[in-house]
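A.B. asks: Attaching a single structure in C-alpha cells format; questions to follow.
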Amino acid sequence: MAGPMFTTQEEAATLLIVDDEPHILSAMRRSLRHEGYELLLAQGPVAALDWLDQRRIDLVLCDQMMPGMRGVQLLGEVARMQPGAARLLITGGGDDRLDRDLDRLGLPEPLTKPWEDAELKETLRKALAQVRSD
Amino acid sequence: MAAHPHVEAVRILVVGEADESRAASASEFERVLGRIGDGVEIESRSPHEDLAKDFVPDRLDLLVIDGGFGPQAAVLRQLDRLAGFGPPLLVVLPRADDELALRCFRAGADQCVCVGPDFADVLCEAALELIGDWRAERERGRVEKHVEWLEGLNDAIVNRLPAALVVVAADDAVVSVNPEASRLFSLSPSQAQGRALSQVCPEALYRDAALGDLVASARRGDPPQARRARLYDGERLSRAYDVQAQKLDVEGRVLLVLNEVTASERQAERIDELQRYNANLIQNMNSALVVVGPDARIQFANPMAERLLGRSPGELVGLAIADCFAPEDTGLSLLTRALETGERVQGAECALVARDGCAVPVGVSCSPLRDAPGRTRGAVAVFQDLSEIKQLERQVVQNEKMASIGQLAAGVAHEINNPVGFIHANLFQLGEYLQDLEGVFDGVEALQQVIAGGGDAAAVAEASQSLQGVAEKIALDYLRGDLRKAVEESQEGTERIRHIVRDLRGFSRADNDRSALADINECIDSTANIVWTMSRHAVTLVRDYGEVPRLRCRPMQIKQVVMNLLLNACQAIVERGADCDVPGEVRVRTRARDGGVWIEIRDNGVGIPPEVQARIFDPFFTTKDVGSGTGLGLSTSYGIVERHRGEIRAASEPGIGTSFEVFLPNQTNTDEAVVGGAPQPTPDEGAR
C-alpha cells in the first residue's frame, strides 16, 4: 500500500476538510501532507459551502458538531451540490441523534476523534476508490 | 268564753263607715271578735274602697258589714257588692229589724246580728259558725279539686303518655290496656281484655323482653327491673322498648310499662357505630395521630404514633410533647402555637425523635381541639411519615443528577475529544518528524566527524552537501516551523482539557454534598463553564454577577439547579434551528435583594408554549425527545429550591425566550433538616 492508488491516470484528488476547530484542521494537514491530495480546509460550514461553490471536490471530511449547522446537514448539502463527492463524517461524540441521521443519509460509519493516523489515511483511500469506481 | 269553739289564724274584714253612725265601733269589733280564737286579725275598710284589690277571698275567713251607716239601701248596696266575693257575709244591724234582716238575707247575707244585750256572744257565735262552715266548705273544695286533678293526671298518664300500660292479673290475663298498648298489640282494649299476655303481645317483643319472667318476678315482689327489648327488621332496628313491671296489689296484679325508645336507641346505635368507625379510622390510619392537652402533654396517641416514635402501647400518654421533638424543632413551635392561639397548621415539615433518638422526618398538620363553647382544649396533630418519601426524593435527585451528568458527559466528551484528537494526531506526526530529523542528526554528526578528523575541504563540502540533501528531502524549513506549531497547538489542547476536567471535578463531589457557606457566583460560574464548554457552538454566555452574600446552602444542589436551567436554556436555543439570525444568548445575572440572592437565567430560545407553562415543574413532564430528558430536571430543581426555602419561577414567551428566576434566602441559622436529608457531621470545608 505504498503511495496513492490513483496517481497513474488521474490528477491529485481534492479533499475538503471541515471543522470549526482550527487545530484539528492543522493536525489533519500535518497528517496528510505526504498523501498527495490537494487539501482544502474550511473552518466551519460557511467556508465549506464557499469551497463547494467554487471547486469540484472528490471527498468531503466533515466534523459533526459545528456552530450553525451539523455535519450531517452539511453533507446533505454536499450530496445536492456535488453528488459525485465522497462524504465522510468525523465526530467527537455528544450527538445522540447521529445514528438515525447516518442511516437516513446513507453515510458510512463516521471516524471518531481521536483518530489513528493509519485509520484516517486508509478510510480516505477507500472512500476515494469507491467514488472513482462508481 | 272558753265554751266557744276555738279557731286559729283568723282574718276578719269589717266594712263600715268611719264615723259615729256605726252599729259598733271598730275597736269594739276588735275586742269582741278578738276573743274567738288565737291570732285573730281584724281589719277595717270603708265601704267605698275596692276590696277585691287588697284582699284575696280565700284568705279571708269572714266579712262583717256594719249596717249602722246610712239608709237601709246603703247596707243592701254593700251586700249586693260583696255577695259572691267569697267569704261569708255577716251583717250587724244597729237594732232589731226583722224586715231589714230578711232583706239582708235575700241580698246574700249569711247571717244578721243585732246590737243588743247579748251582742258580743251572739256575734262571736255567729262568726264562729260562719267561719267553721266556710272553712269546711273550702276544705271540701280543695279535696274535690285534688280528686279532679288526680283524675286529670291519671287520664294524662294512661291515655296521653306515649307509653303502653298493661295491667295483668295473677293468672297473666290482661286486665286493662291503655290506648298506646292497644295500638302496640293491634287490639282494641276490649279485645285485649281477658286474654293471656303472651297471646296479645307481639311474639318477638314478648320473647326478647322475657315478659313472662318479668311479670312473674314483679309479682313475687322482686326489686323492679327494666329491660330493653330490640326488634329487628332484618339488619335494621325496627323498634325498641324499655319495659318495666311493677306489682300493683296483693291480688297479684302487675302493671307493665312499655316505653318506646326506638328513636333514642337508633341514635345510640348510630353513635356507637360512629364511635367504632372513628376508633377504627384512628387506630388503623396510616398517619400518626396525637392529641395534646393544654398542658402540652399527650392525651391520646394512635398505634401509628406509637410505632413511629418507637413506643409501646399506652406509653405515650402523659408524656410531654416536647420530648417527641428535637430541641427547637419547627414542629414543636408550630404545635405550641396551635395550643396557644388555636391556629391551624397545614403540612409543615419537621422531625420527630423516636425513643432510640433517631430523627423521623414527618409532615405535620395541626388543628385546635375545641369544646362546645369554642374554647381551645388542646390540639390534634397528625404526622405523616416522610422517611420513604425523603428516600425516594433523594433517589430522584440522584437519578436526575445522573441524567443531567449523562447529558453533560456527552457534551463534555465532544469537547475533550476535539483536543485529544489533534494532540493524538500531532504526537504521531511529531514521531514522524523525529524520524526525519534522525537523518539530519546523522548528517550533522558525520559533518562533525569530518571536521574533527581534520578532513579536507572537499570532504567537508561533501558531508555538508549530504546534510543539505537530507534537509531538503525532509523539508527541514517547513518542519522547523511546523514542529513548534504542533507542540504549541498540542499544549493549548492539553490546557483546554485541564480546564474542563477541573470544572467537572466539582460534580464528582455531588454525593457528599453538605450544607456549607457558599459563594453563589462561584457556584454558577463553575457550572456555567461546563455547560458553556459544550454549548459554545451555538450559545454566547453573558455573565452579570452582582455583589452577593455567601449563603448557607447545599452548593452541589444549587449547582444542579443552575445546570438544569442552563442546559434547558441552551437546549431552547438549539431548538430554534439553524435559520435563526439572532445569535443564541444566555444571560446569567445575580443580585442581592429581599434578604437573599436572586439568580436570573434568561435565554432567547424557542420559549415555552403558554399551555405548557403551568406544568413545567411537574415531575416527568418533558417536551424533550424520549430519551433525552427524564422530565425531572425542573421538578427536582423546584424541590431543591423549596428545601432551601427559596422560590423558583418562570416567565416565557414563545419565539422570544424564557427567563427563570431563583431566589435563595440568607438563612444564617438554618439547621440541616431544612435543606433536606439527615444531619451529617460537618468536616473541615477547606479539606475538600
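A.B. asks: Determine the calculated [θ] at 222 nm for chain B from helices alone, applying -39500 (n - 2.57) to every DSSP H run no shorter than 4 residues and normalising by the residue count; nearest 500 deg cm²/dmol. Before the final figure, lay out each step's value.
C.D. replies: Working: 20 runs with 308 residues, N = 688.
Calculated from helices alone, the mean residue ellipticity at 222 nm is -14500 deg cm²/dmol.
A.B. asks: Moving to a separate point now. Determine, for each peptide in A:101-113, B:267-279, B:55-67, the mean count of other beta carbons within 10 angstrom over its residues, then list the peptides with the highest first. Mind dumping the intermediate values first?
C.D. replies: Details: A:101-113: 15.3, B:267-279: 10.8, B:55-67: 20.6.
In decreasing order of mean packing, A:101-113, B:267-279, B:55-67 become B:55-67, A:101-113, B:267-279.
A.B. asks: Let me ask another. Students often check this: by mean Cβ neighbours within 10 Å, which of B:559-570, B:131-142, B:281-292 ranks highest, and how do the rest follow? Working shown, then result.
C.D. replies: Working: B:559-570: 25.7, B:131-142: 13.2, B:281-292: 16.9.
Averaged packing, sorted descending, gives the order B:559-570, B:281-292, B:131-142.
A.B. asks: About the Cα centre, and with charges only on the beta carbon of Lys, Arg (+1) and Asp, Glu (-1), how big is the dipole of the protein assembly as shown? Nearest 20 debye, please. Intermediate results must be reported in sequence, preceding the final value.
C.D. replies: Numbers: 89 positive and 127 negative charges, 158 e Å.
Here the size comes out at about 760 debye.
A.B. asks: Based on the Cβ-Cβ distance from B:D323 to B:Q395, what FRET efficiency comes out when R0 is 30 Å, to the nearest 0.05? Could the numbers behind the result be given before it?
C.D. replies: Working: r = 32 Å, r/R0 = 1.07.
Efficiency for this residue pair is about 0.40.
A.B. asks: For each of B:D242, B:D581, count neighbouring Cβ atoms within 10 Å of the residue's Cβ, then give the residues from fewest to most.
C.D. replies: So the residues, fewest neighbours to most, are B:D581, B:D242.
A.B. asks: Taking each residue in B:116-128, count the Cβ atoms of any other chain within 10 Å of its Cβ, then average. What number comes out?
C.D. replies: Values: counts 0, 0, 0, 0, 0, 0, 0, 0, 0, 0, 0, 0, 0.
The mean count of partner-chain Cβ atoms within 10 Å per residue comes to 0.
A.B. asks: Output the peptides A:66-72, B:309-315, B:415-421 sorted from most to least packed, where packing is the average of other Cβ atoms within 10 Å over each peptide's residues.
C.D. replies: Numbers: A:66-72: 21.1, B:309-315: 14.0, B:415-421: 23.4.
Order by mean packing, descending: B:415-421, A:66-72, B:309-315.
A.B. asks: Only loop residues by DSSP count here, and only those with at most 16 other Cβ atoms within 10 Å; note down the trypsin sites (Lys or Arg not before Pro) in the stretch B:148-202 that meet that. Could the numbers behind the result be given before it?
C.D. replies: Numbers: sites: B:R160, B:R183, B:R195; in loops: B:R195.
The qualifying sites are B:R195.
A.B. asks: Let me ask something else about it. As I understand it, the value is the acute angle between the Cα axis of helix B:211-220 and the longest principal axis of the Cα atoms of chain B; what does it come to in degrees, rounded to 10?
C.D. replies: Helix B:211-220 and the main axis of chain B meet at about 50 degrees.
A.B. asks: Quick one: compute a quarter of the convex hull surface over the Cα atoms of the protein assembly as shown and quote it in nm².
C.D. replies: Details: hull surface 314.1 nm².
Projected area, direction-averaged: 78.5 nm².
A.B. asks: Sequence-distant or interchain residues sharing an amide H contact under 5 Å with B:G605, placed H: which?
C.D. replies: So B:G605 has HN proximity to B:T658.
A.B. asks: Taking amide hydrogens as modeled 1.01 Å from N in the peptide plane, which residues meet the under 5 Å criterion relative to B:V15, leaving out close sequence neighbours?
C.D. replies: Distant-sequence amide H within range of B:V15: B:R45, B:V64, B:I65, B:D66.
A.B. asks: Tell me which residues come under 5 Å, amide H to amide H, from B:R355 once H is placed; ignore anything under 5 positions away on its chain.
C.D. replies: B:G310
A.B. asks: Another question about this same structure. Quick one: of the DSSP bridges fully inside the protein assembly as shown, what percent are antiparallel, nearest 5?
C.D. replies: On the way: 77 of 120 bridges.
Around 65 percent of the beta bridges assigned by DSSP in the protein assembly as shown are antiparallel ones.
A.B. asks: OK, next. List the relative contact order of chain B as a percent without decimals, with contacts defined as Cα pairs under 8 Å and 6+ residues apart. Write down the numbers at each step before the final one.
C.D. replies: On the way: 1097 pairs, mean separation 39.3, N = 688.
Rounded, it is 6 percent for chain B.
A.B. asks: Give me a single rounded figure for B:412-420: the average over its residues of other chain Cβ atoms within 10 Å of their Cβ. Show your work: numbers first, answer last.
C.D. replies: Numbers: counts 2, 4, 9, 5, 5, 10, 12, 6, 3.
Mean shielding by partner chains, rounded to a whole number: 6.
A.B. asks: Here is a follow-up. Only loop residues by DSSP count here, and only those with at most 16 other Cβ atoms within 10 Å; note down the trypsin sites (Lys or Arg not before Pro) in the stretch B:337-373 that meet that.
C.D. replies: On the way: sites: B:R337, B:R344, B:R355, B:R370; in loops: B:R344, B:R355.
The qualifying sites are B:R344, B:R355.
A.B. asks: Could you work out, residue by residue across A:107-113, how many beta carbons of other chains sit within 10 Å of that residue's beta carbon, and then give the average as an integer? Can you show the working numbers first?
C.D. replies: Numbers: counts 0, 0, 0, 0, 1, 2, 11.
So the per-residue partner count for this stretch is 2.
No value in this document is a laboratory result; all are computed from the given coordinates. Since the structure is predicted, the reported quantities are computational estimates derived from the model, not experimental observations. Positions of Cβ are generated from backbone atoms using ideal geometry, with glycine treated the same way; all protein chains shown enter the neighbour counts.
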